[in-house]
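Everything on this sheet refers to the single structure shown next.
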Amino acid sequence: MTDPAHPNPDHGSPACHAVLPCAGSGSRAGTAIPKQYQMLAGQPLVLHTLQALARVDRISSRVVVVQPGDAFWPGWSGTLPARTEVVERGAATRAGSVFNGLLALRERGVPDTDWVLVHDAARCLVEPSAIDALIDACLPDAVGGLLALPLPDTLKASVGGRVSATVDRSDKWLAQTPQMFRLGALIDALQARQADGFAGITDEASAMEQAGHHPLLVPGSARNIKITYPEDFALAEAVLRSRS
């Protein structure tokens, strides 16, 4: 097995790693516990997500970022995929948790030239084929990119709860995850906004954009939903059970 701290001992092509921010509360999901730990098809939601990432052989290691003193992980530590590290460095914002996860990779010897795929813990339906397509598209790219979907529906702007305009959707995309960038470049982009609390950083691509880069858009799948609202759990349960 490859040592996750030194995943590329022959110094050949850069390796790929995954960072999973798992420190949020998921308040919109309406669950009594953080949504990433809600039981789904027999196990916590986040374990389904990790298993999807683990099925992609080109991802050398995974880092899960949880809140300090997280009470949920000890009960599931024996079921984590191999080469998965849990770090208690969750922050007040998603961007802060991602930043700390990236630093954890660097601290254990991952070179800045390696690639990192940041993925939402609540996107448990992501398919390995979509992740492979993202890796294939980004490996030769100078910047990196993200899974995304062209906006399928008519887009409306509103004022006071009423339509104020129909917005041209021809160049609009729905951002998904994973989002894949070089470790050093993403650390630099996030560090540049650390002092102001990562204001305006809603995903990794937005940090790279503010650093002057133009991430690649890689077509994703409508099945790669982010579990956000109570009704999403029933849909995810049905999809997971159909796959098994």
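The values are calculated or read from the model by the stated rules, or taken from the named source; none is laboratory data. Since the model is a prediction, treat every value here as computed from it, not as a measurement. For neighbour counting, all protein chains shown are included, and Cβ atoms are generated from backbone atoms with ideal geometry for every residue, glycine included.
Yes or no, residue by residue, for (1) over 23 Å from G24 (Cβ atoms); (2) in contact with a Phe, Trp or Tyr (Cβ under 9 Å, 6 or more places away or on another chain); (3) surrounded by 14 or more Cβ atoms within 10 Å (Cβ to Cβ):
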| site | (1), (2), (3) |
| --- | --- |
| A199 | no, no, no |
| A207 | no, yes, yes |
| G212 | yes, no, no |
| K226 | no, no, yes |
| Y229 | no, no, no |
| A236 | no, no, yes |
| L240 | no, no, yes |
#### Entry: Hits in segment 128-155 - residues which are in a loop (DSSP other than H, G, I, E, B) and in contact with a Cys (Cβ under 9 Å, 6 or more places away or on another chain)
L139
### Query
In the set L183, L151, L235, which member is farther than 30 Å from L105 by Cα and in contact with a Leu (Cβ under 7 Å, 6 or more places away or on another chain)?
L151
### Query
Which residues, counting only those in segment 27-48, are at pLDDT below 90 and either in a helix (DSSP H, G or I) or within 14 Å of D120 (Cβ to Cβ) (or both)?
S27, R28, A29, P34, K35
### Query
Restricting the search to segment 105-127, which residues are touching a residue at least 24 places away in the same chain (Cβ under 8 Å), surrounded by fewer than 17 Cβ atoms within 10 Å (Cβ to Cβ) and within 16 Å of L190 (Cβ to Cβ)?
R106, D112
#### Entry: Selection count where residues are assigned to a helix (DSSP H, G or I) and surrounded by fewer than 18 Cβ atoms within 10 Å (Cβ to Cβ), scope segment 75-102
5
### Summary
When every residue in segment 181-196 that is outside any loop (DSSP other than H, G, I, E, B) and among the charged types (D, E, K, R) is compared, the one farthest from the chain's Cα centre (by Cα) is D196
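Among the residues of segment 197-244, which ones are in a loop (DSSP other than H, G, I, E, B) and among the small types (G, A, S)?
Scanning segment 197-244 gives G197, A199, G200, A211, G212, G220, S221, A222, S244.
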### Query
What is the one condition in (1) assigned to a strand (DSSP E or B); (2) more than 28 Å from A130 (Cα to Cα) that V64 does not satisfy?
(2)
### Message
Between R108, R94, which is closer than 22 Å to C138 by Cβ and among the basic types (K, R)?
### Response
R94
### Query
Pairs under 9 Å by beta carbon, first residue in a loop (DSSP other than H, G, I, E, B) in segment 156-173, partner loosely packed, with under 10 Cβ neighbours inside 10 Å and of a type in the set (D, E, K, R), six or more apart or different chains?
R169/D153
